[in-house]
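Any read-out appearing in this document is the output of simple, stated calculations on the displayed coordinates, not a laboratory observation. Predicted, not measured: the structure shown is a model, and the values here were computed from it. Cβ coordinates were reconstructed from backbone atoms using ideal geometry, including for glycine residues, and neighbour counts include every protein chain displayed.
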Amino acid sequence: MNYFTLDGLEVPFEEGDTLMSAARREGHYVPHLCWHPRLGQSGACRVCTVKVNGRLAAACTTRASADQMVENRTTELDAKRRLLLQMLFVEGNHFCPGCEKSGDCLLQATAYEMGMTGPRFEEFYPDRPLDASHPDTWIDFDRCILCKLCVRASTEIDHKNVFAIGGHGIDTHLVVDSPSGKLVDSRFSADDFAAGVCPVGAILPKRRGFVIPIHERRFDRAPVAEESWLENDASTRESTDDTGGHDEGA
Ligand code: SF4
Ligand code: FES
């Protein structure tokens, strides 16, 4: 068995592991937003940035090797992550008290874990129309953090290619692949893996609001760093069934 060092602890890894997959298998928390054990690598959010032998690298896309000394939860790296989160929060409309995903939101939970206590930059207040066309699921594009989890889930697991990322720069946005651009006219189904994979409140089921009360949700029960929510679940769908997505959405 090979090992690398994560914050001074030996972490075993197998051939083909990334730093993230090996660390998570051993129960170590590496902050992340766009990583999922069932989906391919993306490197979209950079919240998983660690230092490998002194150089910055994304833990979810960096192959593990035996000579690596990895720094993860340092004051410096958490400050960089906090900065990324502060930018994400003002880019979208993330009004936690009014969001059904509150308490089950990876963005919110990670911000708490990184010590973010409030906004740092001026809010953008985007105004992208909701898509409530589908009978079972709605999309609030203003909450999308462009993590591409739904894109990859729809492609890699559902084999439907319902979602894509379009535009450039500040106009980058989630796109629904259908003749009208509406979810109802796409091949999307509420049973799709992509329906339950959104880490924030951008893709939510209808008619499920507050099935799990505030203060009893996933990250109300345990901070994200102490939770093995992905490893313990066969899929994120099961995790959202338990806490928020499918059983208590909008
Ligand atoms: Fe990620 Fe959700 Fe946006 Fe899809 S809708 S890219 S899962 S934040
Ligand atoms: Fe690694 Fe998003 S979790 S870049």
**Prompt:** Any idea how many Lys pairs in the chain come in under 25 angstrom at the alpha carbon, given 8 or more places apart or on separate chains?
**Reply:** 13
**Request:** For the chain, with a Gaussian network of springs between Cα atoms less than 10 Å apart, report the residue from 30, 197, 175 with the top mean-square fluctuation.
**Result:** 175
**Asked** Which GluC sites (Glu not before Pro) from the range 1-69 combine a DSSP loop assignment with at most 11 other Cβ atoms within 10 Å?
**Response** 14, 15
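Based on the Cα gyration tensor of the range 40-170, what are the three equivalent ellipsoid semi-axes, each the root of five times an eigenvalue, rounded to whole Å and given largest first? Don't skip to the end; give the middle numbers.
On the way: eigenvalues 160, 88, 32 Å².
Equivalent-ellipsoid dimensions as semi-axes: 28, 21, 13 Å.
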**Prompt:** So how many Å³ per residue does the convex hull of the Cα atoms of the range 2-73 work out to?
**Reply:** 76
**Fill in**
Note: the chain at 20 °C, 1.002 mPa s; Kirkwood Rh on alpha carbon pairs; Stokes-Einstein D in µm²/s works out to 115
**Prompt:** Where does each of 73-83, 112-122 land if you order them by average Cβ count within 10 Å, highest first?
**Reply:** 73-83, 112-122
**Prompt:** In deg cm²/dmol, rounded to 500, what helix-only [θ] at 222 nm does the chain give when every DSSP H run of at least 4 residues adds -39500 (n - 2.57) and the total is split over its residues?
**Reply:** -5500 deg cm²/dmol
**Request:** Tell me the GluC sites (Glu not before Pro) within the range 152-228 that lie in a loop according to DSSP and have at most 12 other beta-carbon atoms within 10 Å.
**Result:** 216
